[in-house]
Amino acid sequence: MSASAKRRRVLSNDDGWIIGTYGPPLTPDHLRDYMIAPHAGSPIDVFLWSIGGHEVYDYETEIGELFGSGYDNLDSGQQKRHDNLRQLIKEHGGPVTLIAQLCHEAGLEFFPSVRMNEHYDIPEDAINYGRLRREHPELLIGRPDEDIPAGSLEWGIRTGLNYALPEVRAHMLAIICELIDRFDIDGIEFNYTRLPACFPRGKAEGSHAIMTGFVRRVRAMLDEVGGHKGRKVLLGVRVLQHLEGCLKMGFDIPTWIGDGLIDYIAPGDIGFTDFNAKFETFVKLARDSDCYVYPQIQAMLGYHHRDLAQTPEHCRAAVRNFYG
């Protein structure tokens with residue numbers, strides 16, 4: 001059985017909350033006890049860890065912007081996150097190095113999860129906004145010379161990176177290449193649901209070739225590195241829960257699966273996946289391939305918005321619906 005066809009039962013995502021929760025210092029024991037150990041004896045085979053968003057990162061990157069770099073006006077929570085990150089890098093190599101080690105010790109595979117175009121509506125001078133977007137507004141979906149009506153869909157996606165531009169693709173490829181080359185990872189995930197707009201509205205469908213070319217280049221890099229490691233390094237994508245929506249956003253899922261570019265697809269939406277949704281379309285596309293389909297269950301157990309939180313019973317019911 002190939003590495004991509006290996007049966008992985010459940011993939012568990014962690015958004016990196018621990019960096020700003022414990023310490024300082026944040027220790028390997030914290031990561032082991034509160035992130036990795038709870039998965040022991042469970043059906044979870046893969047641990048996903050979000051490396052950051054808005055091109056501001058919480059790991060030992062030498063290419064991207066580290067959280068808090070160059071700022072001296074951090075509040076207490078931001079200072080904790082800053083100090084923990086630097087301490088983990090100085091004493092343990094950094095979060096990705098350490099989490100990969102802890103996962104492998106626990107018998108889990110480890111995939112960094114890359115938010116491909118997070119563009120929440122936050123102030124441009126915010127510490128987590130990202131200097132790339134602030135200093136190069138010409139790279140954004142909403143260009144500086146455009147008059148965009150407030151409250152429109154165009155307004156909502158205006159601060160996202162425009163993947164039609166080669167400079168944007170080159171930057172993201174550099175981040176991804178570093179993750180693939182430097183670290184002992186088993187795969188990598190592209191999270192396209194935080195947030196899905198990667199092209200100006202109305203132009204995404206004509207951009208299938210651009211995004212497919214991007215994915216194809218990453219697949220080639222993964223295959224090259226996997227050849228050196230003697231094992232396949234996987235590529236997964238987290239996308240919208242309906243194929244039509246994916247295609248409108250510029251994500252040519254049929255080609256990605258048909259050409260063997262991805263090893264799994266996780267359809268869903270950002271925190272609001274329809275637990276009654278059916279995923280037959282994705283399953284049919286993947287049936288004669290080595291690509292697996294993992295519907296997202298974004299349970300948000302204990303979530304601070306109580307009206308959005310689900311119980312374990314809700315999650316089990318969702319699984320039953322997905323399999324039904």
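Would region 131-138 turn up any residue that is outside any strand (DSSP E or B) and under 19 Å from the mean Cα position of the chain (by Cα)?
First, pick out the residues of region 131-138 that are outside any strand (DSSP E or B): 131-138.
With under 19 Å from the mean Cα position of the chain (by Cα) added as a condition, the list becomes 132-133.
So far as region 131-138 goes, yes, one or more of its residues are outside any strand (DSSP E or B) and under 19 Å from the mean Cα position of the chain (by Cα).
Which of the numbered conditions does K90 fail, given that it passes all the others? Conditions: (1) out of contact with any helix residue (DSSP H, G or I) (no Cβ under 9 Å at 6 or more places or on another chain); (2) within 28 Å of R201 (Cα to Cα); (3) charged (D, E, K, R).
(2)
Taking M116 as meeting all but one of (1) surrounded by 18 or more Cβ atoms within 10 Å (Cβ to Cβ); (2) out of contact with any Asp or Glu (no Cβ under 9 Å at 6 or more places or on another chain); (3) farther than 19 Å from R201 by Cα, write down the number of the exception.
Answer for M116: the failing condition is (3).
Would you check if there is a residue in region 13-27 being surrounded by 14 or more Cβ atoms within 10 Å (Cβ to Cβ), touching a Lys or Arg at 6+ places or on another chain (Cβ under 6 Å) and either among the polar types (S, T, N, Q) or not in a loop (DSSP other than H, G, I, E, B) (or both)?
yes
Scan region 248-276 for residues that are of a type in the set (A, V, I, L, M, F, W, C) and within 20 Å of E189 (Cβ to Cβ) and jot them down.
Kept after step one, since they are of a type in the set (A, V, I, L, M, F, W, C), are these residues of region 248-276: 249, 251, 253, 256-257, 261-262, 265-266, 270, 272, 275.
Once the filter is applied, which keeps residues that are of a type in the set (A, V, I, L, M, F, W, C) and within 20 Å of E189 (Cβ to Cβ), region 248-276 yields M249, F251, I253, W256, I257, L261, I262, I265, A266, I270, F272.
With the condition kept exactly as written, say whether any residue in region 195-205 is touching a strand residue (DSSP E or B) at 6+ places or on another chain (Cβ under 9 Å) and modelled with pLDDT of 95 or more.
Taking region 195-205 as the starting set, the residues that turn out to be touching a strand residue (DSSP E or B) at 6+ places or on another chain (Cβ under 9 Å) are 195-196, 198.
Right, trim to modelled with pLDDT of 95 or more and you get 198.
Within region 195-205, one or more residues are touching a strand residue (DSSP E or B) at 6+ places or on another chain (Cβ under 9 Å) and modelled with pLDDT of 95 or more.
Among the residues of region 30-88, which ones are modelled with pLDDT of 95 or more, of a type in the set (D, E) and more than 22 Å from M172 (Cα to Cα)?
Answer for region 30-88, where residues must be modelled with pLDDT of 95 or more, of a type in the set (D, E) and more than 22 Å from M172 (Cα to Cα): D33, D45, D75, D83.
With in contact with a helix residue (DSSP H, G or I) (Cβ under 9 Å, 6 or more places away or on another chain) and open to solvent by 30 Å² or more (accessible area, probe 1.4 Å) as the only criterion, which of A106, A40 stands out?
Details: A40 fails: in contact with a helix residue (DSSP H, G or I) (Cβ under 9 Å, 6 or more places away or on another chain).
After applying the criteria, what remains is A106.
Those residues that are open to solvent by less than 50 Å² (accessible area, probe 1.4 Å) and under 18 Å from L66 (Cα atoms), I need them from region 123-160; list them, please.
A126, I127, Y129, G130, L132, R133
Filtering region 50-80 down to residues that are among the hydroxyl-bearing types (S, T, Y) and closer than 20 Å to T27 by Cβ, which residue is surrounded by the fewest Cβ atoms within 10 Å (Cβ to Cβ)? Before the answer, list the steps.
Taking region 50-80 as the starting set, the residues that turn out to be among the hydroxyl-bearing types (S, T, Y) are 50, 57, 59, 61, 69, 71, 76.
Now narrow it down to the ones that are closer than 20 Å to T27 by Cβ: 59, 76.
Numbers: Y59: 26, S76: 7.
Among those residues, the one meeting the criterion is S76.
Go through the residues of region 284-300 one by one and say whether even a single one is within 21 Å of the chain's Cα centre (by Cα), modelled with pLDDT under 75 and open to solvent by 40 Å² or more (accessible area, probe 1.4 Å).
Looking for residues that are within 21 Å of the chain's Cα centre (by Cα), modelled with pLDDT under 75 and open to solvent by 40 Å² or more (accessible area, probe 1.4 Å), one finds at least one in region 284-300, hence yes.
Filter region 54-88 for residues that are hydrophobic (A, V, I, L, M, F, W, C) and not in a strand (DSSP E or B) and give the result. Show your work before the answer.
Taking region 54-88 and keeping what is hydrophobic (A, V, I, L, M, F, W, C), we get 56, 63, 66-67, 74, 85, 88.
Across region 54-88, the qualifying residues are I63, F67, L74, L85, L88.
Does S4 satisfy the criteria of being surrounded by 14 or more Cβ atoms within 10 Å (Cβ to Cβ), touching an Asp or Glu at 6+ places or on another chain (Cβ under 7 Å) and at pLDDT below 95?
Values: surrounded by 14 or more Cβ atoms within 10 Å (Cβ to Cβ): yes; touching an Asp or Glu at 6+ places or on another chain (Cβ under 7 Å): yes; at pLDDT below 95: yes.
Yes, satisfied.
Taking the condition of being without any contact (Cβ under 8 Å) to a residue 24 or more places away in the chain and under 23 Å from N162 (Cα atoms), how many residues in region 58-93 meet it?
Count: 1.
Please go through (1) under 22 Å from the mean Cα position of the chain (by Cα); (2) open to solvent by less than 60 Å² (accessible area, probe 1.4 Å); (3) at pLDDT 75 or above; (4) among the hydroxyl-bearing types (S, T, Y) for T273 and return the number of the only condition it doesn't satisfy.
Here T273 meets the rest and fails (3).
The values are calculated or read from the model by the stated rules, or taken from the named source; none is laboratory data. Only a predicted model underlies this, so the values are computations on that prediction, with no experimental measurement involved. So basically every Cβ, Gly included, is an ideal-geometry build from the backbone, and we count neighbours across all protein chains shown. Note: areas computed on protein heavy atoms with side chains; ligands, DNA, RNA excluded. Shrake-Rupley method; radii C 1.70, N 1.55, O 1.52, S 1.80 Å.
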